[in-house]
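One structure is given below, encoded as structure tokens.
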Amino acid sequence: MKGKYLGEFEELVLLVVASLSGEAYAVAVKNEIFKIANRKVNISAVHSALYRLEDKGFLSSDFGAATAVRGGKKKRLFEVTSAGFETLKRMKSVKENLWSQIPQLSFQTL
Amino acid sequence: MQSQDNRDSAPPRWAVKLLRRIIDASLFDDIYGDLYELYQERKTLLGTRRAGHLFIIDVLASIRNYQLRRKKYYSSGNSMAMIHNYFKSTFRNIVKNKTYSVLNIMGLALGIAACLFILQYVSYERSYDKFHANHPDLYRVLYKVYRNGELNIDCAAAVPRVGPFMKEKMPQVIDYARVYPMGGVVTYGDIQYREDRMHMTDPSFLQMFTFPLVKGDPASALIDPNKVVISESVARKYFGNEDPLGKILEVDGEHQVEVSGVAMDVPDNSHFKFDFLISYETLNNQTRNDDGSASSETAWGWYDFNTYVLLQPGSDPAVFDKQFEEFLYEERGEDFEEYNFKAEFPLQPITDIHLYSNLLQESEPEEQGDGQAVSFLTIIAFFILLIAWINYVNLSTARSIERAREVGVRKTLGATPRQLVYQFLTESLVLNLIALLIALGIVVIGIQSFNQLTASSLDLAFLSDPFFWLVILAVLIIGSIISGLYPAFVLSSFKPVSVFSGQLSMGTSGNGMRRALVVFQFAASVTLIASTIIVYQQLAHMRNIDLGFDMTETLVVEGPAVFGIDSLFASTSKSFKHELLQHPGISSVTSASNVPGDEIFWTNGIKREEEPDDQFTTIYNVGVDYEYFPTYDIDIIAGRNYLESHSTDTGSLVLNEAAIKMLGFPSADEAIDQRVTFWGRPKSIIGVVDNYNQMSAKTQVAPIAFPLATRAARFYTIKMDGEDYQSAFNSAQSTYEAFFPGNPFDYFFLDDFFNRQYENDRTFSRVFILFAIFAILVACLGLFGLSSFTVLKRSKEIGIRKVLGAGVSSIVQLLSREFIMLIIVANLVAWPVTYFLMSRWLENYATRITPGVSVFIISGVLVLVIAMLTVSQKIISTALTNPVEAIRDE
């Protein structure tokens, strides 16, 4: 798989999918991002990120139930794969490492 | 409110449709589901209108996801597989119908090969003098003299003063170089040759032109007097492996020149060729006047100097000519007034010299090319290629019926018209590529024979020329598209239903187009054949024309260049001639300054004695002895020849008829005993000779005076009896060597020498014939393919006709009628075109034929016969087939 690296928005989407555990589909992700990060994003941006992450192997997907509110179309539910978790952990430790190297600043902000 | 909501519960339909286009089908369901969910949510929150707007915005924003997952299905997967399939089906088709493929490929290959040959030849002809680094700014100074408003002298050589004068007056001139042609016998030790490519030239010559020296310094090699720069091959000829620098060569037994440089041999595509370049100062020393000036620097009337100027980059020669005219008038105006003439020195780009110049005193007159012929050939090359492409189009569309089923199946299985067009274009690309490779092979193998045939010296260097490959690529791409596009569109337009239900009538598609193309092909063939016949007739005419003199069994020996004591020459020459006549095989001998077929450089002023001085006009001179006219069997139409018994004949003059006319005498008889001023002395006309072709049948006969000059023995003409040829020749050689020791015995036969002038025309006709054959061959390949398919598709009809009692002859007639009609139409198109083109070509010749009706009829019938031979084999075999074979399978 090419592109083991994540963009900022991709990382956010990946984390949101992880936090929504099993209920993550595009609309839910969009709402969650608004709720947590207070960021208004267009649904197409979320689609773009989700499918790309799936192509990269960080997400897997399955069909959920079809509902009337969706015009009879099924939801595509996303889940973080183990590769996705690996990457999230690695990025987290990279950041923690970096944070620990700037003690004064981390004191001030913390 | 509620009811309205229900009615508008779905987002705008067009936006949904748009989304379907934007999003890949595999993702549409879930993305549309998400957008729909958002829409419903917003509808309750914000109202239908606002939700609709936001839905549209979401759809438009989704354009960013256009690429999502699309690549996988289309670009990478599908088209690679399809391209693979195009090639696969192309090769299957080629193999499946071998005759057709071979016809098609060979036709294309021959066409492309012919085209490549011609392009090589043409680009070589056009490459003349382009190897000079300065070639865009190098010009030759021409010399034109007008008398009484008429162009009297139109010469490639100018006067010695004009070069320096231009440099003094015109700021555009960077430098000038004069070239004075001479020739002579060169001696080094006991090595001795007569050399023709010997010139005297300014030191600047080696810097203006790109003639690199392998030894010596180009800047200084030609500054001092008595220096010579020789070519590499000459250096080998005289010095072998010795170092030539500093060696002394003897010219004509009197001048000693020291080798100061060795130049690389002049490339073949140079209009100017040299083996020896002698410093100009040497000439100045020979023409030094009492006051220290040299005629070869100051003369305004001695026009033997090919003068070249190098202008500042980008200078406009037209502007230059105009400005220079004023300076010239300042300097020369008085003389122009006094002697009632006007001279001009227009500039000619040196790259135009080879193809577009045919003046007096060209540096290499026999080598001059013909720009018109080259353009003709370019057109022919294009036509042959066109004929080959037309073949392809014709064969492909004619065969369309066979391919119709394939197209039907492909379409039924979901092929789009575009994919079919691609498929057929791929086929034409592959066929063109194979043909191109074969054509390259033909060129590589055939180039030697082509060189022999056309007396050119093309080599395979073009294979490493990027421009050549660019042309090849263009031919390939343009060829594939031109020849592939029409069949591709015809074939891809078939409707599967009509193909399978058999409604598609056999081969009607593109019938009119096909006929038009066949007519075009054969019109081109008829044009080429008729033109070839006319070229041939014209050449034969020039060779067989009564030139007015006899050149059979005539040996010409060049007169001695080295002769010890000048005053003894006349008597030695006389006893030499007398000695030769002792041999029974030699019937007569004459010495003269020129022989027929040799360009006359010797000119002079002449006028009728009673006329004022401003009436002098230029006339060519041929110095002759008493035997000249009888030896050549030239008719004396009035008066008499010079007679040895008449001591007063030194004050007499013989002229030709053209000269009599120029001087304004009413007839030759009335000119006898009239007096003229010639060489500044009064002379009386004693004889008038027939206008025989002294120079060439290509040009008008010029006015010539034949002064009695027994010492002007540049050539000895020896007329043989033919019986004892070998011993006569041996005797001539031994006598020459006894009388003129130190001179090489250089000889030629006059008929060869004279006909050498037609060498270019003959080459041209050979090239013409070769490509006419190419064109007809290619056209016939096409016709053969076409006729076999036409016959094939009518085989059932023929079967039924035979069953119902039609005879073989009536069937042959039926099948041939269409082709005969097409060829007759082609003839009607070709005749006027040929007549127009060839009339223009014939205008180049002074004596020319008028193309007769027979030429056109012969070429028409010839093409008809060739075409009928081509189609008859197929037609007759079909007519003879047992009808059962044709009808039984239904």
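Select, from B:THR572, B:THR552, the only residue that is over 22 Å from the mean Cα position of the chain (by Cα), outside the structural domain of B:ASN656 (by TED's automatic domain parsing) and surrounded by fewer than 17 Cβ atoms within 10 Å (Cβ to Cβ).
It is B:THR552.
Counting only residues that are within 14 Å of B:GLY33 (Cβ to Cβ), give me the helices (runs of 4 or more DSSP H) lying completely in segment A:10-105 with at least 3 of them.
Details: elements: A:26-37, A:43-56, A:82-100.
Here the list reads A:26-37, A:43-56.
Identify, by number, the condition in (1) out of contact with any Gly (no Cβ under 8 Å at 6 or more places or on another chain); (2) away from every other protein chain (no Cβ under 14 Å) that A:PHE58 doesn't meet.
For A:PHE58, the exception is condition (1).
Looking at B:SER457, B:SER449, which is the one that is out of contact with any Asp or Glu (no Cβ under 7 Å at 6 or more places or on another chain), farther than 23 Å from B:VAL791 by Cβ and in the same structural domain as B:VAL122 (by TED's automatic domain parsing)?
Residue meeting the stated conditions: B:SER449.
If you scan segment A:67-98, which residues turn out to be out of contact with any Asp or Glu (no Cβ under 9 Å at 6 or more places or on another chain) and within 16 Å of B:PHE28 (Cα to Cα)?
A:GLY72
Can you confirm whether B:ARG50 is among the charged types (D, E, K, R) and surrounded by 14 or more Cβ atoms within 10 Å (Cβ to Cβ)?
Spelling it out, it is not the case that B:ARG50 is among the charged types (D, E, K, R) and surrounded by 14 or more Cβ atoms within 10 Å (Cβ to Cβ).
How many residues does segment B:18-63 hold that are among the charged types (D, E, K, R) and either within 16 Å of A:LYS73 (Cα to Cα) or outside any helix (DSSP H, G or I) (or both)?
Pass one, segment B:18-63, residues among the charged types (D, E, K, R): B:20-21, B:24, B:29-30, B:34, B:37, B:41-43, B:49-50, B:58.
Among the residues that remain, those that are also either within 16 Å of A:LYS73 (Cα to Cα) or outside any helix (DSSP H, G or I) (or both) are: B:20, B:24, B:29-30, B:34, B:37, B:41.
Here the count works out to 7.
What pairs come up if the first residue lies in segment A:36-51 and is more than 10 Å from every other protein chain (Cβ to nearest Cβ) and closer than 16 Å to B:ARG69 by Cβ, the second is in a loop (DSSP other than H, G, I, E, B) and among the aromatic types (Phe, Trp, Tyr), and their beta carbons are under 7 Å apart, counting only those six or more places apart or on different chains?
Within 7 Å, no pair qualifies.
Quick check on this structure: which one of B:HIS199, B:HIS255 is of a type outside the set (Phe, Trp, Tyr) and at pLDDT 90 or above?
Exactly one residue qualifies, and that residue is B:HIS199.
When segment B:563-587 is examined, which residues are found to be over 20 Å from B:GLY623 (Cβ atoms) and assigned to a loop (DSSP other than H, G, I, E, B)?
Hits for segment B:563-587 are B:GLY564, B:ILE565, B:GLN582, B:HIS583, B:PRO584, B:GLY585.
List, please: which pairs have Cβ atoms under 7 Å, are six or more places apart or on different chains, and start with a residue in segment B:355-381 that is over 17 Å from B:SER127 (Cα atoms) and end with one that is in a loop (DSSP other than H, G, I, E, B) and modelled with pLDDT under 85?
B:ASN358/B:GLN368; B:GLN361/B:PHE601; B:GLU362/B:GLN368; B:PRO365/B:GLU599
Within segment B:389-425, which residues are of a type in the set (S, T, N, Q) and touching a residue at least 60 places away in the same chain (Cβ under 8 Å)?
B:ASN391, B:ASN394, B:SER396, B:THR397, B:SER400, B:THR412, B:GLN419, B:GLN423
Condition first: surrounded by 19 or more Cβ atoms within 10 Å (Cβ to Cβ) and not in a loop (DSSP other than H, G, I, E, B). Now tell me which residues in segment B:343-359 satisfy that.
B:ALA343, B:LEU347, B:ILE350, B:THR351, B:ILE353, B:HIS354, B:LEU355
Would you tally the residues in segment A:26-35 being over 11 Å from the mean Cα position of the chain (by Cα) and in contact (Cβ under 8 Å) with a residue 12 or more places away in the chain?
1
Please enumerate the residues belonging to segment B:360-379 that are touching a Cys at 6+ places or on another chain (Cβ under 9 Å) and either surrounded by 23 or more Cβ atoms within 10 Å (Cβ to Cβ) or part of a loop (DSSP other than H, G, I, E, B) (or both).
Once the filter is applied, which keeps residues that are touching a Cys at 6+ places or on another chain (Cβ under 9 Å) and either surrounded by 23 or more Cβ atoms within 10 Å (Cβ to Cβ) or part of a loop (DSSP other than H, G, I, E, B) (or both), segment B:360-379 yields only B:GLN361.
The values are calculated or read from the model by the stated rules, or taken from the named source; none is laboratory data. None of these values were measured; they are calculated from a predicted model. Note that each Cβ is placed from the backbone with ideal geometry, even for glycine, and that neighbours are counted across all protein chains shown.
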